[in-house]
Amino acid sequence: MLKEFHSAFNRKLYYGISLGLIILMSSGLLIANPRKGLMDTGYILHMVLLVLLSLCLLIYPRFESRVLRVLLIIVTTAYFYLLFFIYPETWSTFIFLCFIPAISILFYDKKLFYFSFILNGILVTLTFSYISLVDEGKYFSHIEMDLIGNIVNFIGSQMIIFFIFHLTNMRINKQRVYYEQVQNAERLKTTGQLAAAVAHEIRNPLTVVKGFLQYYEGHDDFNKEYKRNFSLMINELDTAEHVISQFLSIAKPDKESRLSRVEVETVLDDVTEILKTYGLLHDNHIDLQVQEKCYISANPIEFKQLLVNLIKNAIEASPHGVPVMVKAERKGSMVEIQVKDNGRGMSKEEISFLGTPFYSLKSKGTGLGLMICYNIVEKYDGAIQFDSKRGNGTTVTLRFPQIQEKG
């Protein structure tokens, strides 16, 4: 969008260029114009379109809406075609027709470019047809004399413009991806620093408090009710330590974790058992379908953490009473695991942000859970894919290299 243009060159320069263009166009209307004295329909249309184009240029930075961009392209196209038809003796106006689509490149808008490109192609086709069949060289002799040559020149100019747009669009997309990667790297750095601070400042006090509670839990001076409360508090401290460990895994990933031969069926049975109660709270159950003898190489704890996060998200996303489908099977040299919910689904834009720190679709989410999932999948040479549409739920597909069963 032209907004990026503004941020790079500032509005003063934009308005300076716009005013310069308006002055040049106004001089063409007022100075040595053969129609000025006639004040005919063509001259009045020239004046009206000049005013409209000037207004569009001046008010665009304040609104920058798609409607205004389309209007600006249409008015510009109408202005240049009017110049071509009411001033046929000025041969240079044909050059303006060739480069109308180039204006839309400034907006960095793919759809707008194709709209302008196709619209101009149709209008030029009609223009050449008019010159060849109706005008027959009366007013546009410079076009009629070499009609084929002018058509070839026009097509060549459109190919050049399309090539420039394609290269520009590719470069902008690469810059956007790079910018997002830089942002993610900065977020990861901040998250890592935060994780280290949290682990250092909170873990030690938690350990001390947990130690005292464990001591009191086993002391005979406290009755069963007190001991039960101590046990609940210890469990909550364990949860807090787990959260700290997740932060720490982001700050300092364990690349040398011990790998084991993991049977997917066993891990999914354990995870299903763990989340069964959680599913009942949401009135959902887990429909598990697992093919036997699916083995992968991973750290069992991290693999279980990955599945717990994904299935828990699916339960939270599903409407009450609707089951969550979990399926695992062998496909070629890979083991494929699918977790499917019937929730509200996600747009392509929302899917593209999944796995980035601090991005979450939950009202109280941090985005760290999915980020850890992505890290675990990448760590074990796997792949994770989200397929979703608004109103059709979400399917998460995991793929890991399969290892053979021990003989």
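See the values below:
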item: Part-to-part distance (alpha-carbon centres) for the range 28-105 and the range 144-183, which is given in Å; result: 23 Å
item: Per-selection Kirkwood Rh - the range 98-161 (Cα, Å, 1 d.p.); result: 12.6 Å
item: By average C-beta atoms within 10 angstrom, highest first, the peptides 111-119, 24-32, 343-351; result: 111-119, 343-351, 24-32
item: Simple label model, 7 Å out from Cα along Cβ direction - residue 74 to residue 92, nm; result: 3.0 nm
item: Ranked packing of 386-394, 262-270, 39-47, most packed first, by mean Cβ within 10 Å; result: 262-270, 386-394, 39-47
item: Gain upon complete extension [residue 224, residue 331; 0.36 nm per residue less C-alpha separation]; result: 33.2 nm
item: Residue 353 paired with residue 233, simple spin-label distance in nm, labels 7 Å along Cα-to-beta-carbon; result: 4.0 nm
item: Net lengthening on full extension, residue 147/residue 207 (0.36 nm per residue, minus Cα-Cα); result: 12.9 nm
item: Calculated FRET value between residue 274 and residue 374, using beta carbons and R₀ = 30 Å, to 0.05; result: 0.90
item: Evaluated at q = 0.10, 0.20 Å⁻¹: base-10 log I(q)/I(0), Debye formula over Cα of the range 4-106; result: -0.30, -1.11
item: Extended-chain gain in nm, criterion 0.36 nm per residue less alpha-carbon gap, residue 297 and residue 176; result: 40.0 nm
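No lab work stands behind these numbers, since they all come straight from the coordinates. Computed from a prediction, not measured in an experiment: that's the story for all the values here. For neighbour counting, all protein chains shown are included, and Cβ atoms are generated from backbone atoms with ideal geometry for every residue, glycine included.
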